Amino acid sequence: MRKLVYYIGVSLDGYIAGPGAEFDFYPVSAEMADWINTRYPETLPTHIRRLVGLEGVPNKVFDTLVMGRGTFEPALEVPTTSPYSHLRQYVVSSTLTIDDPAVHVEKGDPIELVRRLKAEDTGMDIYLCGGGRLAASLLPEIDEIILKRYPVVAGAGISMFAGRFSPTLFAPTRRESFDNGTQVTWLTRA
């Protein structure tokens, strides 16, 4: 069965972005960028993949992406309506309309969407790209978290999980450290 994996960068104080959706304050080193490009190339938006020479590189872990409207909307400024054209893209929003056959807007229950995707016979894992409200609503379906914890305090912003109080245990299975002080931890549902 396919897994829903929340692959996310976070500050020391638990924010995935600043109050204005900023994420450029994360200190990414060349070593870490190489690691991301090699290990998880499909997590980069299509226009960035072209810039770093990853156009045409096959997906390694994910073939499907689920994101919220707040994560999707910055793509419109690029401008593109298909920010991850190398993946099947689902945007969870009750109000968004997009005229792009490559992007599926899910107006219904995100839990049901993820359960349908997980039940498919073939395919790679499902990348939960963000944001915090969507992650909180999908917490019962998250099988794994790949947490890139950057050595920076944001002070305010978008929480990694922005929802109701719902303690859920995950067990760390592996950790890697990088020269910029970032630690990546893999956690599976306990």
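The values are calculated or read from the model by the stated rules, or taken from the named source; none is laboratory data. None of these values were measured; they are calculated from a predicted model. No Cβ is skipped: glycine too gets one built from the backbone with ideal geometry, and neighbour counts run over all protein chains shown.
Please go through the stretch 150-176 and pick out each residue that is closer than 25 Å to residue 70 by Cβ and not in a loop (DSSP other than H, G, I, E, B). Within the stretch 150-176, 158, 159, 170 meet the criteria. Within the option set 136, 102, 156, 119, being of a type in the set (A, V, I, L, M, F, W, C), over 14 Å from the mean Cα position of the chain (by Cα), within 27 Å of residue 184 (Cα to Cα) and at pLDDT 95 or above holds for one residue only, 156. The set of residues in the stretch 28-51 that are surrounded by 13 or more Cβ atoms within 10 Å (Cβ to Cβ) and farther than 25 Å from residue 81 by Cβ comprises 28, 29, 32, 33, 35, 39. Within the stretch 54-74, the only residue that satisfies the criterion of being farther than 16 Å from residue 88 by Cα and among the small types (Gly, Ala, Ser) is 70.
Of the helices (runs of 4 or more DSSP H) lying entirely inside the stretch 1-88, the ones with 2 or more residues being within 15 Å of the chain's Cα centre (by Cα) and at pLDDT below 95 are found at 69-72.
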